[in-house]
Every structure is written in C-alpha cells, then in structure tokens.
C-alpha cells in the first residue's frame, strides 16, 4: 500500500481490543514498526520520543512522501503501536480516538471522559481514575504521556 497511512487511526482504534492485548500482539505491533520504519532507519531513532498524535501524523505524512509503505495490516499495527506507546494525550482537549488509544480504554469510556470534562476539567490521574472503565494501573504506566492542561497537546 502506498497511500497515506496516518488515516489508520480509526481502523486501529476500532479493531484493537484495548486492555486485553497479549504479549504477542504487542510484539507483532513492534515487529510491524521495525519492518515499515526500519527500511530507512533504525527504530531506536524514535522509539523513546513522545509526541502529540497530530505531530505523529505529520511524521507519518513525511515518511510516506519519502517512500514508507506496508500492508494494511502492518500500517494498522504501526498506528496502534505509536498510539499506545509513543503518543502524548491531553485529557481535557484530545479527541476520543486518542484518549482510547493512549489510555487503553474502550470507545464508550473515552466518550465518558469527554462528557465529564465538558462540565469540569480533569486536574490529575486520581480524578481520571474515577471514570468507570479507566484502569488506574494503566494510568500509572502511561502517566508520562498524560497531560491535563486546558491547552491542546502540541509537542
């Protein structure tokens, strides 16, 4: 597939079962990253970088222009990997797809977060963990990528 692959967020978020991922699924996603991205550079170049989903999409678009491609399945796995492991999310401004992917929650839980923030912005992980369906242990694991400001996520 040679078209833009950043559009796979819907496919990845809609088809992945967040929270029930097995080691083999995580390994498969990382293997896809190594295959698709490793054609031009070592994955170590970016595997420790966190960025907003918008910024990752800019990177995906640039890499696509430079010739990055893969099968639909590979691109969906790459998208899932980046979303679940390397994306920053602002709990008070990010859309549901990003919340679901980064937090590892179902779509309905992401929508519940959005509903709650419309009446009162979240200030910390403790408040976020009060939303039914949010796993506090996942929040703890991913806390370095969770922001609470009123401003959009931009790094």
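No lab work stands behind these numbers, since they all come straight from the coordinates. None of these values were measured; they are calculated from a predicted model. Please note: Cβ atoms are built from the backbone with ideal geometry, for glycine as well, and neighbour counts cover all protein chains shown.
Structure notes:
- Cβ-to-Cβ counts within 10 Å put 80, 87 in ascending order as 87, 80, the fewest first.
- Range of Cα positions in segment 52-107 per principal axis (Å), largest first: 35, 21, 15
- Fewest-first ranking of 137, 129, 94, using other Cβ atoms within 10 Å as the exposure measure: 137, 129, 94
- Volume per residue that the Cα convex hull of segment 89-147 spans, once the total is divided by residue count, Å³: 65 Å³
- Measuring between their Cα centroids, segment 47-78 and segment 86-128 lie 23 Å from each other.
- With neighbours defined as other Cβ atoms within 10 Å of a residue's Cβ, the residues 130, 84 order from fewest to most as 130, 84.
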